[in-house]
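The values are calculated or read from the model by the stated rules, or taken from the named source; none is laboratory data. Model, not experiment: these values are computed from the prediction. Neighbour counts run over all protein chains shown; Cβ positions are idealised from the backbone, glycine included.
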Ligand code: SF4
Ligand code: SF4
């Protein structure tokens, strides 16, 4: 189960970021999205989506073991155990963990909204 | 609390450096909606009628509208407005990309600049932090260079709108560049920005826009996304963007060729969408929140030249800087596109001006000596590159072209006006109106001069007859209300035009964003008409009347027949144009002199404007009763 | 006779008068007809078709469709 990324197809529209925040925070504010689009412009002219691949680095780094893996493989933050130290955000290799209210980190939980709106084939849901 | 908007406005006096932030008035927001609406109202109210477009009293208005940054069917646009140095009337130009949304996320719906900065500055916005900063390090750099430099200095997550050397030197058709290749190109808004010594605006915003009913809006937008992903136009649009229509417009004899001398370019095959995608495309590129990406980002390699990257060419550039200048290879067109983007001139009026100069050269009206020993031949890249530099640096004869059509034609003499393919100083878009009379009428009457974004009628002209003059004006009026409406609400017109997102769906989205439950399509269309009349009044108050005398194109379009191609023989006479104008003014409720009547202005709630016009002796007299609804939707006849 | 499916959106829909689904019109034609002839037979002027595709393949109006084929038609941009 993963989000398959085809960078060459990405148009940099950020609709994925927008829908992520609409879904997760009920706001329009792409800065809070749990995925990001790196724009390599003006040269070579390429967008590179960065998404969570549930690698678990965040869980490993968390001093209070507040990030745990669900049966389906997705890592989840347990807010009641979290001390908002932010280590997980720093270690995330894709740079896709974000601070939410009270500085509690948020991460991708494979809700698939981004893959549903991405119309270029850059993000595809793979089981 | 105002929903759907950022909620704040900025007033910046560049002469004194004073910056004021204040809340956006909700009544004002509802009445003028944002984008082009804010521009029209602010310019009308604030710029003295005798103020020079390059003087301190002109305003530069920057405004994302209600859709910008929102979660509706598109939401990427931002309008730039100023009294235009091209037309000396209201000017507005809209740019996509990510700039408008970013301003919105910083909480601003409106920035109004006035004054002239004593030294080059740029405006820095990081949410609440707003500063004018020294821009001398960037002065002289190209638009894309400036963007890259500012992103390097401030952070990749800043969005930049910047002008290039053309704007610094007040070349009247200078544009504002953003996102490495999108422009607020028309009306010379860049020239006004550069004239104010404002090199760039850099913005970062981290706020959430307050919305009335996001859950329902989300449902609506997701439904539209799902539906339109299956639309038959979607795949070709995503693959080719607008460039593919070079072929189509040639086959139907509306493609501007050699400065609109004819309407068919026999070598168009090398500059169509096919070669673009096959030979130079690097990546597709979309505006914020757009799932139909029309942008094509290209890499151009031409022997003996630096490799350059440019967004485009889209259709307008592919025609006006393509066959209109005699270029038959996509790499050449893309290179000219890059040249224009870098120095910061509009590829549309720019492409027109280059073609105009080329024709003058062809006819011996300008000489090699005047071109500093160079030539200016159709389809010659070196010649064009040199000419653009002369214009941007205002060297020699370039000085006159930099001041616009009128100055150039007057200087050149020998009847050069005939070759200035423009209306009100704005170069024509990439469709020739001789085989499409309503299209010509649309250019003639557009508030900002010859621009296709106000109304586009080619297929209707074909349907009803290419030589049919009568009965089309009402449709032009309708289009002039519906199409610019998208620039007012800051969504992309192409969702409506290309993939059948309905006008009503846009209105539904606005209601969900703002909570204006009683907002209707009729209200929006009336607003569009109010803006149109306000701009007309503004134009007249600045330029005098009667309005009619400004509504003609150059003589080519009513004296010369199309000499070749599918539209061969098509011609219109001055009498034809007059018939169309009469019909058009009647459809608008204006006098036959082209001046708005008191009746129509009062109907639109513009009593004060009627009084101003009356005082100036510019009020029109109705020749027939005021039509209760102005404009009529075109209904293709069923077969 | 054979059956060809024409698919189109935007303004084209008004001319196409879809009957199969939202965008698709079913047309019975004699074999060997070009796309141009088929369009003319149902009263669609070529000006309303800027591009035509069979699957992902771009074809022109001289294309001769075969039985059961779907042709996606693309109207001109409403002012690019
Ligand atoms: S939605 Fe798709 S195309 Fe758009 S930015 Fe995200 S990954 Fe790229
Ligand atoms: S269709 Fe083109 S111009 Fe419109 S929002 Fe999408 S990318 Fe931007």
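Below, the figures for the structure above:
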read-out	value
Positions within segment C:20-39 being touching a strand residue (DSSP E or B) at 6+ places or on another chain (Cβ under 8 Å) and closer than 22 Å to residue B:497 by Cα, in sequence order	C:23, C:24, C:25
Members of segment A:22-50 found to be under 14 Å from the mean Cα position of the chain (by Cα), away from ligand 2 (no atom under 16 Å from the Cβ) and under 23 Å from residue B:151 (Cβ atoms), listed by number	A:31, A:32, A:33, A:35, A:36, A:38, A:48, A:49, A:50
Test: residue in segment A:98-115 that is in the same structural domain as residue A:16 (by TED's automatic domain parsing) and within 16 Å of ligand 2 (Cβ to nearest atom)	no
Set B:131, B:159: member being within 26 Å of residue B:42 (Cβ to Cβ) and surrounded by fewer than 22 Cβ atoms within 10 Å (Cβ to Cβ)	B:131
Unmet criterion (only one of (1) over 18 Å from residue A:109 (Cβ atoms); (2) away from ligand 1 (no atom under 13 Å from the Cβ); (3) assigned to a strand (DSSP E or B)) for residue A:64	(3)
Yes/no for residue B:228 being within 14 Å of chain C (Cβ to nearest Cβ) and either within 15 Å of ligand 1 (Cβ to nearest atom) or more than 18 Å from residue C:52 (Cα to Cα) (or both)	yes
Within segment C:5-80, strands (runs of 3 or more DSSP E) holding 1 or more residues that are touching a residue at least 60 places away in the same chain (Cβ under 8 Å) and touching a helix residue (DSSP H, G or I) at 6+ places or on another chain (Cβ under 8 Å)	C:70-74
Filter result for residue B:243 (outside any strand (DSSP E or B), within 11 Å of chain C (Cβ to nearest Cβ) and more than 22 Å from the chain's Cα centre (by Cα))	no
Members of segment B:196-209 that are more than 9 Å from chain A (Cβ to nearest Cβ) and assigned to a loop (DSSP other than H, G, I, E, B)	B:196, B:197
Residues of segment B:275-285 classified as in contact (Cβ under 8 Å) with a residue 24 or more places away in the chain and within 16 Å of ligand 1 (Cβ to nearest atom), total	3
Those residues of segment B:247-267 which are over 25 Å from residue B:555 (Cα atoms) and more than 9 Å from every other protein chain (Cβ to nearest Cβ), in sequence order	B:267
Enumeration of residues in segment C:19-40 that are under 11 Å from the mean Cα position of the chain (by Cα) and more than 7 Å from chain B (Cβ to nearest Cβ)	C:24, C:25, C:26, C:27, C:34, C:35, C:36, C:37, C:38, C:39, C:40
Positions within segment B:490-507 being touching a helix residue (DSSP H, G or I) at 6+ places or on another chain (Cβ under 7 Å) and within 13 Å of ligand 2 (Cβ to nearest atom), in sequence order	B:490, B:491, B:492, B:493, B:496, B:498, B:499, B:501
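Results for (1) assigned to a strand (DSSP E or B); (2) within 16 Å of ligand 1 (Cβ to nearest atom); (3) free of Cβ contacts under 8 Å to residues at least 40 places away in the same chain, shown as yes or no for each residue.
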site	(1), (2), (3)
A:81	no, no, yes
A:84	no, no, yes
A:88	no, no, yes
A:93	no, no, yes
A:96	no, yes, no
A:102	no, no, yes
A:111	no, yes, no
A:114	no, yes, no
A:125	yes, yes, no
